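Here the structure is laid out as C-alpha cells; the discussion comes afterwards.
No lab work stands behind these numbers, since they all come straight from the coordinates. The structure displayed is predicted, hence computed values, not measured ones. Neighbour counts are summed over all protein chains in view; Cβ atoms, including those assigned to glycine, are modelled from backbone coordinates with ideal geometry.
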C-alpha cells in the first residue's frame with residue numbers, strides 16, 4: 001500500500017477510534033446519570049416512607065384526662081395536653097399568642113379539648129405556682145383557665161422567686177375570681193395538692209421531657225422546634241383529627 005494511502009487509512013481508523021471512545025463515554029455518562037436519578041428517587045421515596053411511618057407509628061402516651069383541667073369539650077376528637085411551667089417565658093408567649101388562636105379555631109368549635117399539666121423545673125416557686133393552680137382547679141375548672149392566664153400575665157423574672165403564696169392569692173383577687181381565697185392560701189401553704197403536682201412532674205420525667213411548653217396531640221408528642229409556627233401546629237391537629245375519624 002502506498003505510504004499516502006496507508007496514512008489516510010491510519011488517520012481514518014484513529015478518527016473512528018476516537019469517535020467510538022466518545023460514544024462509549026457518552027453512554028457511560030447517560031448510564032451513570034440515569035442510575036443517579038433513580039437512586040435519588042429511591043432515597044426520596046424511602047425518606048417519605050420513613051417520615052410517614054414515623055408519624056403513624058409514633059408512640060401514643062396515655063394521660064389521666066378525667067383528672068386534669070380541661071378547656072373545651074372533653075369529648076372532642078382531638079385532645080391536646082400542654083406541659084408548662086408558670087415561670088417559663090416561652091409558656092407565657094405560647095399562652096398569649098398561640099393558645100388564643102387554638103381556642104378560636106378548634107377549642108370553641110368543639111374540635112379540641114385542651115389540658116394542662118405542670119412541669120415545675122425553673123425554680124422552687126414554680127412548684128408553689130403549680131400548687132396554687134391545682135387549688136383553683138379543684139374549686140372551679142373554668143376559673144382555673146382564667147387564673148392560668150392571670151399568672152402568666154403577671155409573670156416575673158424567671159431568675160427571681162416571685163411566685164409566693166401571697167402573690168398568687170393577690171393575683172386571684174385582682175381577677176375577682178369567685179373562689180375561696182383563704183382556702184387557696186391554705187392549700188398553697190399546706191401543699192394540699194402536692195401528690196397531684198408530683199404526679200405531673202413524674203409523668204414529665206417518665207416522658208423525658210426537655211423543657212416547656214411541650215404538647216401532646218392525641219397522646220403523640222408534638223415535636224416541632226418552633227411552637228410559634230401556628231400553621232404547622234394546625235397541620236398536626238388536622239392530621240390527628242383525620243386519624244381519629246378512621
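Observations, loosely collected:
- Modelled spin-label separation between residue 142 and residue 207, with each label point placed 7 Å from Cα along the Cα-to-Cβ direction: 2.7 nm.
- DSSP-defined beta bridges in segment 65-245 - what % are antiparallel, rounded to 5: 55
- Whole-percent P(r), segment 65-245, all Cα pairs, 5 Å bins from 0: 1, 8, 18, 22, 21, 16, 9, 4, 1, 0.
- Cα shape, segment 98-170, gyration tensor, a/c 1.5 rule: prolate
- Extension gain from residue 161 to residue 66, taking 0.36 nm per residue of separation minus the Cα-Cα distance: 31.0 nm
- Full-stretch length increase - residue 246, residue 182 - with 0.36 nm per residue and alpha-carbon distance subtracted: 18.2 nm
- Distance-filtered residues of segment 79-114 - backbone nitrogen under 13 Å, label point 7 angstrom along residue 230 Cα→Cβ: 94-107
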